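Here's the structure, in structure tokens; my notes come after.
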Amino acid sequence: MKTDLLLRVASTVVLLGCAVPPPASAAPPQGEAEAPVLRFGDPPALAYSKPFFAGTSYDPSVPAPDAILGQTHGTRLSHHSEVLSCFEALAAASERVTLHPYARTHEGRQLVYAVISSQANQTRMEQIRANLARLADPRGLSDEDAQGIIARTPPVAWMAYSIHGDELSGTDAAIALGYHLAAGTNAQVEELLEKIVVVIDPCMNPDGRERIIGMVEQSAGYTPNLDYASMHRGRWPHGRGNHYLFDLNRDWMVGTQPETRGRWSAVLDFNPQLFVDAHEMGSLDTFLFYPQAEPVHPAFGPRHVEWQRIFAAGAARAFDEHGWSYYTREWADGWAPFYSDSWSSLAGAVGILYEQAGTAGSPLRRASGEILTYREAVHHQAAASLANLRTLAEQRTALLESYLADKRANVAAETPGNDRVFVLRPGGHSGREREFLRMLLGQGVEVFRATAAFSGADAESAVGEAEDEVAFPPGSLVVPARQPQSRMVRAYLEFDTRMSATALQGEREELERKQSSKIYDVTAWSIPHALALDAWWCDAPEVDLERVREVPAAEGALVECAAPVAWVVDGTDDGAVAFAAGAMERGLSVTISDAAFSAAGRSFSRSSLVLRRAENPGELAELRARVLEAAQRSAVQVIEASTGRSPDEGPDLGGGHFGLLARPRIAVLANTPVSSDRYGHLWHHLDTVLGVPFTILDATSFRRPDLRRYNVLILPPGGLDGVLRSAEEGLVAWVRAGGTLVACAESAAALTRERLGLASAVRRRDVLEDLDPYLLAARREREARAVEIDERLVWEGTPAEAAAESDDGEEESDADSGDNAPSEPAEDRDAWMRTFSPFGVNLLAHTDSDAWITAGCAERMPVPFSGSTVLHARSGVAVRLATAEHLRLGGLLWPEARERTAEGAYVVVESKGHGQVILFAAMPAFRGYNHGTARLFSNAVIYGPGLGANPPLDW
Ligand SMILES: [Zn+2]
């Protein structure tokens with residue numbers, strides 16, 4: 001089996017062919033007249049020569065990395081193909097090593113992990129994995145059997161390196177560690193490998209690593225540069241993200257990327273007890289390892305930080321022996337559940353993070369004057385790794401017992417919260433339901449389908465409702481909290497997990513005293529909020545459940561009739577937008593309804609699509625083939641209608657309720673100063689979800705853009721003020737002529753700030769003295785959502801009941817709520833309040849069901865929100881944030897931020913000449929899993945050119 005795997009890996013290396021090893025030496029051989037070539041990495045004059053693992057002897061029959069790399073290992077960046085070569089050589093030469101491919105990146109690079117243990121352990125690896133799987137799901141496991149397993153099973157350490165592609169030293173440390181364990185001949189190595197199994201994932205993000213190595217090598221010169229800030233060390237979009245610039249260390253919860261999905265299954269095959277995730281941080285820093293900082297998510301349980309302390313003691317000893325600086329707990333909190341180490345902790349391992357000061361592969365001078373070489377950075381990572389492995393070997397029995405106890409609690413009836421279930425009520429969003437199942441099933445979470453209707457007691461909904469009893473139909477998806485992956489269920493599906501009072505106090509003190517925050521990432525991420533589905537938590541019901549084992553296939557279909565006059569697609573599922581895009585790409589003419597209607601014996605929601613035969617000339621079979629192609633790529637069902645006449649009071653198919661769409665010709669602004677990962681999220685959405693081509697325009701040369709070839713221009717978040725100012729004239733003319741300009745987050749704010757005349761929406765901070773008209777507009781909208789007519793007042797001129805509150809009185813209470821501060825200039829007060837701006841919270845928003853951009857959205861939906869930009873507009877608000885009282889659905893929202901953000905505009909659509917400007921107050925399609933707000937973005941881009949703008953007409 002080992003040989004088979006090796007052959008597969010070896011063949012992929014040949015196929016890749018995209019990473020050519022750099023020349024081994026810069027200095028030409030003496031006496032030869034060849035011109036010198038660059039020698040990458042640490043120059044010989046600054047060589048760091050300490051051995052990585054002092055005092056070890058190595059088996060000479062195992063090839064050393066130095067020989068494979070042609071330069072002292074660790075003195076330069078190893079390419080991904082070289083990493084594979086090193087591990088293949090280890091697996092070929094050492095009986096201790098097997099190598100396993102587990103996924104392929106978007107760019108086709110092979111991801112691998114190496115399993116390293118004693119020869120005896122290798123021969124019984126299947127049994128070891130089966131034993132650990134038994135501990136991971138201890139239902140029905142007797143104490144006696146469990147003790148037997150613990151006595152004879154080595155624990156597994158999963159050692160993972162450089163998930164951020166430009167945090168480079170980890171991968172070279174993985175090679176050093178792999179060689180040490182594969183070839184080390186002294187007793188210490190042999191004993192270690194008797195006691196534990198080590199899995200090394202040496203290069204978690206090869207596409208990002210190759211991107212940054214290309215930049216670093218292409219910027220290299222013959223003269224070393226020790227400035228840590230030089231562009232020699234990389235430029236936009238750097239190497240942190242994968243091909244689509246996604247941060248893979250934020251992808252573990254949802255697995256939008258193939259690297260993550262492959263790792264889910266690989267790690268779950270081993271059920272490790274230790275998980276190390278090696279990163280790099282700022283160049284002038286030292287080295288950080290866990291225990292982590294507060295706040296720590298309650299789903300990790302009490303043992304989590306205790307074990308991190310035990311492992312820290314060993315790492316600290318190793319660093320003290322070398323006299324290296326390090327620290328713990330100063331940052332890197334344990335709140336969000338989507339990092340590598342937090343994911344592994346939810347799965348039952350002890351998750352540990354390393355952060356080494358980054359060098360980008362060549363020496364730099366630190367503030368103290370000391371020079372840090374790349375090879376020394378590699379040494380730190382390798383030493384921390386070995387120290388943690390030794391601790392695992394020493395603690396193996398205690399840790400396996402603790403692991404089992406944790407898993408037993410997950411499946412015990414008496415564990416608090418284990419009597420609750422999460423329920424998803426099925427609706428028209430089959431695409432999002434498939435996503436939900438893909439995410440959970442891929443991580444080993446057990447999901448069930450109710451075979452009958454049932455009622456759930458003590459129920460809470462994703463949009464903040466609480467009911468004593470809620471009825472659910474058959475087919476509802478049920479996820480019990482009580483299951484082996486209980487910790488994931490809670491961390492991912494809870495709507496509103498709250499930080500401890502201590503954590504809250506600490507953060508508030510930091511903000512008030514230093515105006516800085518300790519929060520490291522978003523404070524809310526709930527999957528049901530992100531998917532904007534009809535989701536609830538309730539008491540475990542009495543109903544038959546059947547286990548869902550597979551994600552239903554996403555298949556498009558065409559339901560034919562004898563003589564079709566139209567093809568109809570329901571507009572609710574997100575696939576409808578991709579269908580419309582695909583149909584237009586195939587030259588089909590598509591219309592969209594502004595009201596619900598009936599056709600072919602079925603009901604269709606507002607925003608359903610109709611392709612009229614009359615507007616799509618051609619031979620029927622050929623038309624059907626194109627329609628079916630578009631249906632299959634977007635997984636929607638297309639229904640043929642044999643008459644355009646409505647069977648009920650709804651619109652006929654040939655009338656004015658159906659607007660003609662225009663094929664979008666999309667451009668997206670990229671490069672500095674656009675945020676590279678936000679750009680990546682939008683790119684991934686356009687390319688993989690909508691499947692539309694788009695042109696990338698360079699923000700660094702956007703002065704006089706010729707936008708005539710495009711009818712949609714997307715501005716991702718970024719500091720675009722200057723860029724927009726210089727492009728003002730062309731941009732305004734293009735919008736007025738019929739363009740659809742879509743701006744997200746900071747870029748939306750920039751459009752309001754400049755005197756571009758493009759948007760009448762404003763930033764809150766720019767209208768502090770004149771907020772009332774905006775707040776009144778919000779109130780009018782709110783009242784219009786629940787119209788109540790007092791007939792007596794209409795006909796008689798006097799109210800029916802005791803006088804309703806006067807307008808003035810209400811206005812006062814609305815405008816002044818929460819504003820009790822002593823007289824302070826409004827600007828100063830707003831600046832103070834902005835200190836408390838949220839890091840990624842989930843808020844409740846109301847959608848305007850008459851606005852075309854809200855197609856497929858419920859009237860109330862959760863939206864992610866971040867930062868201090870609050871937009872207001874007096875008209876064109878298609879999605880508006882809720883009132884202060886109902887605003888927060890999840891995450892940390894301080895009262896100041898609640899007050900500032902309440903009733904702000906979330907999506908504004910403004911007509912301008914023949915075109916339009918669409919502003920998103922926060923980033924839609926964030927991280928590829930916020931499908932609720934991604935839908936608004938899809939609508940803007942695909943439906944916008946036809947519905948919100950007046951494109952030039954052919955004649
Ligand atoms: Zn990192």
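The values are calculated or read from the model by the stated rules, or taken from the named source; none is laboratory data. None of the values given here were measured: they were computed from a predicted structure. Cβ placement follows ideal geometry from the backbone for every residue including glycine, while neighbour counts extend to all protein chains displayed. The accessibility values were calculated without ligands, DNA or RNA, using every heavy atom of the protein model including side chains. Shrake-Rupley method; radii C 1.70, N 1.55, O 1.52, S 1.80 Å.
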Quiz item: Taking region 341-355 as the search range and keeping residues that are within 14 Å of the ligand (Cβ to nearest atom) and not in a strand (DSSP E or B), which one is nearest to residue 407 (Cα to Cα)?
Solution: 342
Practice problem: May I ask you to list pairs of residues, at least six apart or on different chains, whose Cβ atoms are under 8 Å apart, with the first in region 264-285 being more than 20 Å from residue 314 (Cα to Cα) and the second being of a type in the set (S, T, N, Q) and away from the ligand (no atom under 16 Å from the Cβ)? | Solution: 264/443; 268/443
Quiz prompt | Selected residue (only one of 534, 458 is within 25 Å of the chain's Cα centre (by Cα) and not small (Gly, Ala, Ser)) | solution = 534
Practice problem: Find the residue count for region 206-229, including only residues that are open to solvent by 40 Å² or more (accessible area, probe 1.4 Å), more than 16 Å from the ligand (Cβ to nearest atom) and assigned to a helix (DSSP H, G or I). | Solution: 1
Self-check item: Hits in region 664-690 (condition: under 17 Å from residue 208 (Cβ atoms) and assigned to a loop (DSSP other than H, G, I, E, B))
Solution: 675
Exercise. Answer with yes or no whether residue 704 is closer than 30 Å to residue 553 by Cβ, of a type outside the set (Asp, Glu), out of contact with any strand residue (DSSP E or B) (no Cβ under 7 Å at 6 or more places or on another chain) and assigned to a loop (DSSP other than H, G, I, E, B).
Key: no
Quiz prompt | Selection status of residue 381, buried (at least 24 other Cβ atoms within 10 Å of the Cβ) and assigned to a helix (DSSP H, G or I) | solution = yes
Quiz prompt | region 260-275, residues that are within 19 Å of residue 171 (Cβ to Cβ) and touching a Lys or Arg at 6+ places or on another chain (Cβ under 9 Å) | solution = 262
Quiz prompt | Pairs with Cβ under 6 Å, 6+ apart, first in region 488-516 and on the phi > 0 side of the Ramachandran plot, second surrounded by fewer than 18 Cβ atoms within 10 Å (Cβ to Cβ) and assigned to a loop (DSSP other than H, G, I, E, B) | solution = 515/835
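Given the criterion closer than 30 Å to residue 896 by Cβ and either open to solvent by 20 Å² or more (accessible area, probe 1.4 Å) or of a type in the set (S, T, N, Q) (or both), identify the matching residue among 787, 762, 732, 794.
So the residue among 787, 762, 732, 794 that is closer than 30 Å to residue 896 by Cβ and either open to solvent by 20 Å² or more (accessible area, probe 1.4 Å) or of a type in the set (S, T, N, Q) (or both) is 762.
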Exercise. Please determine, by comparing only the residues of region 607-644 that are farther than 11 Å from residue 583 by Cα and of a type in the set (Asp, Glu), which one is least open to solvent (accessible area, probe 1.4 Å).
Key: 640
Quiz item: If you scan region 275-326, which residues turn out to be open to solvent by less than 20 Å² (accessible area, probe 1.4 Å), within 16 Å of the ligand (Cβ to nearest atom) and at pLDDT 95 or above?
Solution: 275, 276, 277, 278, 279, 280, 287, 288, 289, 290
Self-check item: Flag for residue 232 being open to solvent by 20 Å² or more (accessible area, probe 1.4 Å), touching a residue at least 40 places away in the same chain (Cβ under 8 Å) and not in a loop (DSSP other than H, G, I, E, B)
Solution: yes
Practice problem: Assess whether residue 144 counts as being more than 34 Å from the chain's Cα centre (by Cα), part of a helix (DSSP H, G or I), acidic (Asp, Glu) and away from the ligand (no atom under 16 Å from the Cβ). | Solution: yes
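So that you can scan it fast, the table gives a plain yes or no per residue for (1) touching a residue at least 60 places away in the same chain (Cβ under 8 Å); (2) touching a strand residue (DSSP E or B) at 6+ places or on another chain (Cβ under 9 Å); (3) over 21 Å from residue 916 (Cβ atoms):
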residue: 657; (1), (2), (3): yes, yes, no
residue: 662; (1), (2), (3): yes, no, no
residue: 671; (1), (2), (3): yes, yes, yes
residue: 676; (1), (2), (3): yes, yes, yes
residue: 686; (1), (2), (3): yes, yes, no
residue: 689; (1), (2), (3): yes, no, yes
residue: 698; (1), (2), (3): no, yes, yes
residue: 714; (1), (2), (3): yes, yes, no
Quiz item: Any residue in region 412-424 that is surrounded by 18 or more Cβ atoms within 10 Å (Cβ to Cβ) and part of a helix (DSSP H, G or I)?
Solution: no
Quiz item: Given 474, 484, which one is farther than 30 Å from residue 136 by Cα, modelled with pLDDT of 95 or more and assigned to a loop (DSSP other than H, G, I, E, B)?
Solution: 474
Quiz item: Scanning region 432-445 for residues that are open to solvent by less than 20 Å² (accessible area, probe 1.4 Å) and either outside any loop (DSSP other than H, G, I, E, B) or out of contact with any helix residue (DSSP H, G or I) (no Cβ under 8 Å at 6 or more places or on another chain) (or both), which turns out farthest from residue 271 (Cα to Cα)?
Solution: 432
Quiz prompt | Candidate set: region 246-259, residues that are touching a Gly at 6+ places or on another chain (Cβ under 8 Å) and open to solvent by 10 Å² or more (accessible area, probe 1.4 Å); chosen: the one nearest to residue 171 (Cα to Cα) | solution = 247
Self-check item: Close pairs (7 angstrom Cβ cut-off, 6 or more residues apart or separate chains): on the phi > 0 side of the Ramachandran plot and away from the ligand (no atom under 12 Å from the Cβ) in region 237-248, open to solvent by 10 Å² or more (accessible area, probe 1.4 Å) and assigned to a loop (DSSP other than H, G, I, E, B) anywhere
Solution: 245/237
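Scan region 544-571 for residues that are open to solvent by less than 30 Å² (accessible area, probe 1.4 Å) and β-branched (Val, Ile, Thr) and jot them down.
Result: 548, 568, 569.
Condition test on residue 329, is it open to solvent by 10 Å² or more (accessible area, probe 1.4 Å) and in contact with a strand residue (DSSP E or B) (Cβ under 7 Å, 6 or more places away or on another chain)?
The answer is yes for residue 329.
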Quiz item: For the subset of region 154-180 comprising residues that are open to solvent by 10 Å² or more (accessible area, probe 1.4 Å) and not in a helix (DSSP H, G or I), which member is nearest to the ligand (Cβ to nearest atom)?
Solution: 167
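Go through region 924-955 and give me each residue that's assigned to a loop (DSSP other than H, G, I, E, B) and among the polar types (S, T, N, Q).
930, 950
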Exercise. Those residues that are closer than 28 Å to residue 299 by Cα, open to solvent by less than 10 Å² (accessible area, probe 1.4 Å) and among the small types (Gly, Ala, Ser), I need them from region 332-363; list them, please.
Key: 332, 334, 336, 340, 342, 344, 345, 348, 349, 351
Exercise. Any chance you could count how many residues in region 249-274 are hydrophobic (A, V, I, L, M, F, W, C) and within 16 Å of the ligand (Cβ to nearest atom)?
Key: 1
